[in-house]
Amino acid sequence: SVAVALFTSDLRLHDHPPLRAALASADEVVPLFVRDDGVERAGFLAPNRQAFLADCLRDLDAGLRDRGGRLIIRSGDVVDAVRRVVAETGAGEVHVAAGVSGYAQHREERLRKALEAEGRRLCVHDAVVTAVAPGAVVPSGAGKDHFAVFTPYFRSWSRERLRAPFGAPRAVRVPDGPASEPLPERSRVRGVSEGLAEGGESAGRSRMAAWRRHGLARYEDLHDDLAGDATSRLSPHLHFGTLSPTELVHRARSAGGAGAEAFVRQVCWRDFHHQVLAARPAASHSDYRPRGDRWRTERAAADDVEAWKEGRTGYPLVDAAMRQLRHEGWMHNRGRLLTASFLVKTLYVDWRVGARHFLEFLVDGDVANNQLNWQWVAGTGTDSRPNRVLNPVVQAKRYDPDGAYVHRWVPELKELGAPAVHEPWRLSGRERAAFDYPEPLVELSEGLARFRAGRGLD
Ligand code: FAD
């Protein structure tokens, strides 16, 4: 008998329930990845993620070959592609991870219908993409289908018993027949950020091991230190599923300590946003909690938006973070919070404009975490203090006290020590002329007044 293991956002061999179930139920398994047209049409194939994906698929194929198998790659509509493989191989079952976004839920529905119509079975596996499946914990109270507040979610989530993670299979027997398209190559993708990290399960596992040895214990103290760059940088691996969130949480918990606890809490944020999106798929584009804003559109604020995107707002910390995004396809969380707050609250531009730009570059860019974090910052999401505004100067002095992060990304200010480097506009005209760096786009007090008026707070 033959079964298909359809890989989506779970490009790994370790701790992979769909693959394990397929191997348990059939003699031969087709490990299948479909380069889905629908994802491309939705504008989701940004170069950085395409390049990282190419690494992931190569590594997955190599891992399968080590075990006697290979990866089958097809492209087109995902349902058509799966049906074709099923017809070619006579597979009776297709195993796939449960999807979270509206798109993934719809894909699952379509697949189920198409397979059942042909007498085949779709087997959907929970807790593959997240550690705790969306909907597995819900608040008490009639009709409540998700948590809208993080802290009680974290409490319930922490009480859930996670399944024990398991290793990669020893052998994978793939039927002879099905042909594969060639593996994509990272070097063929254009427009990739220079400093983009390497993708693939092997790279992810090495990073996880190094993180456990050298980073985890100090995470609580250092996670907001911008220059220290002391977070795990595991987000792209979680996004592509080259690491299992279940395994990661288990490993962190077994290491123990305050650093591990803080880290697990952060990983829980990821599950939190996934369960919000699973219950409210429209939150990917419309306000989860509308606040009556009259945001400026990208067109109305074109010059400001361009300056923000290019990292020349005149606020050094904002500019440093925006340049890191372009250069690496990744940005430190503190930078994401600050640059997002600056766009929506100081420049008063619609959060969707910023979310779209982040998705163009972020290697970990995903609908749940990106859109819902943007909404959180905009105050249209789950933040219980929706009107807070982050001050880039205060943030800079707190999280980049020596100015090292700004010096790294805004080299034109390298000669300026801290704290002066965070407020170059305070220098005399003659001193400023020595630096080729723009004036602030807007006074912070002016930005604040515009936001408060727009939101009807005054
Ligand atoms: P660590 O600090 O090491 O945290 C470990 C893991 O926990 C991360 O890899 C991530 O999976 C999860 N995590 C941490 N913080 C958050 C959070 N606030 N929300 C959800 N998960 C979190 N994260 C994404 O994975 N994809 C995105 O598209 C994304 N967009 C964001 C947009 C904005 C405006 C903001 C404010 C945050 C966004 N984040 C996003 C969350 C967070 O910034 C990144 O997950 C984190 O910076 C990744 O770095 P790390 O792996 O070193 O994180």
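Please treat every number below as a calculation from the coordinates, not as lab data. Note that the coordinates shown come from a computational prediction; the quantities given were computed from them, not determined experimentally. Here the Cβ positions follow ideal geometry from the backbone for every residue, glycine too, while neighbour counts run over all protein chains shown.
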Item to check | Cβ-derived FRET efficiency at R0 51 Å, Ala433 paired with Ala210, nearest 0.05 | outcome: 0.70
Item to check | Efficiency of FRET from Cβ geometry, Gln266 and Ala87, R₀ 45 Å, rounded to 0.05 | outcome: 0.55
Next on the checklist: Using the Karplus curve 6.51 cos²θ - 1.76 cosθ + 1.60 with θ = phi - 60°, what ³J(HN,Hα) values do you get for each residue of the range 274-279, in whole Hz, with x for Gly and Pro?
Outcome noted: 5, 6, 5, 5, 4, 7
Item to check | From phi via Karplus (6.51, -1.76, 1.60), per-residue ³J(HN,Hα) for the range 99-109 in Hz, x at Gly/Pro | outcome: x, 10, 5, x, 4, 5, 5, 5, 4, 4, 4
Checklist entry - Going by the alpha-carbon gyration tensor, a ≥ b ≥ c the square roots of its eigenvalues, is the range 302-454 rounded (a/c under 1.5) or, if a/c is not under 1.5, prolate (a/b greater than b/c) versus oblate? => result prolate
Checklist entry - How do 303-314, 22-33, 212-223, 427-438 rank on mean C-beta neighbours within 10 Å, highest first? => result 22-33, 303-314, 212-223, 427-438
Checklist outcome for this item: Taking placed amide H atoms and a strict 5 Å upper bound, the residues 5 or more places from Arg121 or on another chain that come that close are Glu93, Val94
Item to check | Neighbour net charge for His146 - beta-carbon separation under 14 angstrom, K R +1, D E -1 | outcome: +1
Checklist entry - So how far apart, in nm, are the two label points at Leu444 and Asp458 if each is 7 Å from Cα heading toward Cβ? => result 1.8
Checklist outcome for this item: By the Cα gyration tensor axes a ≥ b ≥ c (a/c under 1.5 gives rounded; else a/b larger than b/c gives prolate, otherwise oblate), the shape of the range 229-335 is oblate
Checklist entry - Across the range 355-368, in residue order, what do the Karplus-derived ³J(HN,Hα) couplings come to in whole Hz, using 6.51 cos²θ - 1.76 cosθ + 1.60 with θ = phi - 60° and x for Gly and Pro? => result 4, 5, 5, 4, 5, 5, 10, 5, 6, 9, x, 9, 4, 5
Checklist entry - Given R₀ = 41 Å, FRET efficiency for Asn387-Glu116 by Cβ-Cβ distance, to 0.05? => result 0.25
Checklist entry - Along the Cα-to-Cβ line of Ala24, 7 Å from the Cα, sits a label point; which residues in the range 126-150 have backbone N less than 13 Å from it? => result 126
Checklist entry - Val349's amide H: which non-local residues (gap 5+, or another chain) put their own amide H closer than 5 Å, with H modeled 1.01 Å from N in plane and none for Pro or chain starts? => result Arg296, Val344
Checklist entry - Among the lysines, which fall within straight-line cross-link reach of Lys397, defined as a Cα-Cα distance under 23 Å, with same-chain neighbours fewer than 8 residues apart omitted? => result Lys309, Lys345, Lys414
Checklist entry - Tell me which aspartates and glutamates have Cα within less than 20 Å of Lys113's Cα, excluding those fewer than 8 residues away on the same chain? => result Asp36, Asp37, Asp77, Asp80, Glu88, Glu93, Asp126
